1. Provide the FRET efficiency to the nearest 0.05 for the ALA211-ARG602 pair, computing r from the beta carbons and using R0 = 51 Å.
2. Length gain on complete extension for the stretch ALA292 to VAL260, per 0.36 nm per residue less the alpha carbon to alpha carbon distance?
3. Divide by every residue of the chain the summed helix terms, -39500 (n - 2.57) for each DSSP H run of at least 4, and state the resulting mean residue ellipticity at 222 nm, rounded to the nearest 500 deg cm²/dmol.
4. Which net charge results when you count Lys and Arg as +1 and Asp and Glu as -1 among the other residues whose beta-carbon is under 10 Å from that of LYS347?
5. Just the number, please: percent antiparallel of the DSSP beta bridges in the range 23-282, rounded to the nearest 5.
6. With respect to the cross-link table entries LYS365/LYS566; LYS285/LYS566; LYS285/LYS409; LYS110/LYS365; LYS110/LYS285; LYS365/LYS409, which display a Cα-Cα separation exceeding 32 Å?
7. For the chain, give me the percentage of DSSP beta bridges that are antiparallel, rounded to the nearest 5 percent.
8. Would you work out which of ASN193, GLY417, LEU120 lies farthest towards the positive end of the dipole of the chain, given +1 charges on the beta-carbon of Lys and Arg and -1 on that of Asp and Glu, about the Cα centre?
Amino acid sequence: MHHHSPAPTRGRRRRRTALVAITALTLAATLSSSPALAGRPGPGPGHGPTTPDLGRNVVVFDPSMPVADIQARVDAIHAQQVDNEMGTARYSLLFLPGEYGTATQPLQLKVGYYTEVAGLGASPTDVVVHGKVETYNRCLSDDPANPNCLALVNFWRTLSNLTIDIEAAGQDGCRASANFWAVSQAVSLRRVNVLAAEGDPGFSLMDYCTAGPQYASGGFIADSRFGDVVNGSQQQWLTRNSEVRSWSNAVWNQVFAGVVGAPDDATFPAPPYTTLETTPVSREKPFLFVDARGAWNVRVPAAAQGTRGITWANGMTPGRSLPLRDFYVARPGDPVHRINAELARGKHLLLTPGVYDIDRSVVAKRPGTVVLGLGHATLTAARGAVPLVVEDAPGIVVAGVTIDAGPTKSPVLLQVGRHAHGPKHHAKGPDRAEARRDPITLSDVYFRVGGPHRGSTDVALQIDADGVVVDHTWVWRADHGVEGFTEGVNGDTERWRTNRGRVGVVVNGDDVTATGLFVEHFQQHNLVWNGERGRVVLFQNELPYDPPTQADWTKPDGTLGWAGYKVGDRVRTHEVWGAGVYVFNQNNPSIVTERGFEVPRRPGVRLHHVMTVNLSAGTIRHVVNDVGAQVDNSNTGTPSFVTSYP
């Protein structure tokens with residue numbers, strides 16, 4: 001049982017050096033390129049004048065196309081995107097209602113970076129892929145003796161709104177054993193229906209065929225129905241409002257909320273399951289669909305309280321449908337003043353795939369406005385702008401958008417609500433009942449500070465509005481990338497000075513709920529929660545890799561380091577389920593952090609199933625406040641758990 005991933009070669013970084021060895025690694029023993037073509041395909045059934053022009057990087061397939069032609073197109077896009085981690089290409093692959101592939105000629109889709117695969121049906125059962133939709137371990141080296149294959153950097157991809165009828169014809173013995181979805185942060189799987197009879201190949205969240213079992217680092221499932229799921233080497237995962245027949249094992253944070261068939265968590269931390277019978281508040285992500293008349297629409301699901309199971313079991317997901325003509329369809333290069341003018345006159349916003357340079361704020365202020373990104377559409381801050389501002393109005397939904405810091409420091413990357421900054425200074429916004437009934441919602445909204453280029457921000461996501469729902473986000477200050485990410489201690493020290501991100505998420509609003517909150521590597525607290533009655537279902541955090549000295553990682557009051565999860569000293573009510581803070585002080589292994597979680601000692605502030613872990617360098621003395629055993633280089637990969645606090 002080893003703890004270390006293979007060493008990187010040719011100067012390419014791995015994401016983590018040390019990871020826990022787990023019993024799932026025995027699963028392998030028991031479980032028996034041309035350039036991408038862009039644009040829409042030629043005419044076929046369903047392709048009339050109603051098919052919108054969504055740009056060259058939205059590819060629409062219909063079931064009349066030969067399987068070989070579809071296979072060639074998706075293979076070409078995968079070949080382009082499989083290693084394009086820091087590139088600018090973005091793709092949305094959309095499937096009109098119907099069936100694709102057969103038992104003898106299955107469609108085998110592989111999904112690379114910045115690629116969205118989605119069905120265009122009103123229900124996930126309207127689009128059926130006979131075959132697989134997969135992501136494998138990525139091999140970072142050409143050296144056959146040390147290929148350095150892992151899933152730890154398989155970020156930024158999306159799968160939604162279709163049925164996978166798992167067929168493995170033509171694949172080798174190992175590959176035929178499951179549908180592999182070996183992914184890490186910023187990957188969502190929503191409205192997916194997996195057909196697999198008991199005993200047939202199931203769905204594996206790790207790839208145990210490419211260079212054997214390897215590590216994976218987290219993801220998200222919502223509103224989906226599965227047979228048997230192999231979690232394998234996944235370190236943390238949130239499954240919300242879904243159905244599973246079985247779920248195999250867990251590593252550190254395996255969280256289920258409102259999931260029919262979820263495992264029981266009574267023996268936590270052996271295994272480390274965290275199971276909530278229902279999800280406190282949820283709203284599913286908006287999705288494109290084509291109706292029976294061939295018209296394109298966006299379905300905007302309604303918010304709900306105390307939910308369990310899928311939304312589409314008895315027909316259309318509850319909510320409202322908006323015709324695509326109600327959207328301004330934006331393309332990279334469109335000036336912000338044009339986008340804002342369209343929003344101001346009542347349009348919703350559809351961001352087609354690509355990178356948008358944003359030199360002044362895009363502002364969503366009309367109640368019920370939908371901002372929907374396709375294919376990981378990316379807003380990059382220019383000249384220190386705040387790329388996106390959401391006013392304090394009910395029902396605004398932002399979904400499928402990535403927001404990048406630019407080289408000139410932005411005060412914030414996404415501002416939600418424009419109350420006075422700081423806790424307890426709210427101006428008048430929507431009343432609590434209205435915010436509860438129709439909350440501002442962020443779904444699959446991702447943030448990057450550094451990575452493809454230098455980035456700097458004070459705060460990535462600031463929420464000043466009340467009642468907001470954050471449904472899956474990854475807020476990342478980059479630990480590796482293209483510019484300013486040279487290897488070695490000096491390189492790490494340079495990154496600490498140039499890749500600036502003070503705090504990942506600040507929540508000042510009351511009654512905010514987060515389901516799937518991944519925040520990593522910021523230079524002070526990764527999360528600061530000042531609002532009352534906050535709820536978090538799954539929190540995953542890595543402290544920064546790169547503080548050069550202990551002095552750089554010591555608070556002004558002398559406390560050693562900043563807790564990854566900080567609840568404001570005046571907060572009276574707060575609750576979190578399934579949370580972890582990890583340390584990997586790669587730059588200086590002698591650095592000490594006093595505690596992973598810092599919260600007021602009050603009966604209304606409650607933590608369930610929280611942990612810290614050392615990934616190979618550095619020390620965290622306590623899990624929460626002064627409770628919980630130390631993790632350090634003597635117990636690498638072994639979590640320190642606190643089942644409940646206080």
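Coordinate-derived values only; no laboratory data. Fair warning: this is a prediction, and the values are worked out from it, not measured in the lab. Glycine gets a Cβ as well: all are built from the backbone with ideal geometry, and neighbour counts include every protein chain shown.
1. 0.55
2. 8.4 nm
3. Helices in the chain give a 222 nm mean residue ellipticity of -2000 deg cm²/dmol.
4. Local net charge: +1.
5. 5 percent
6. LYS110/LYS365
7. Percentage antiparallel, nearest 5: 15.
8. GLY417
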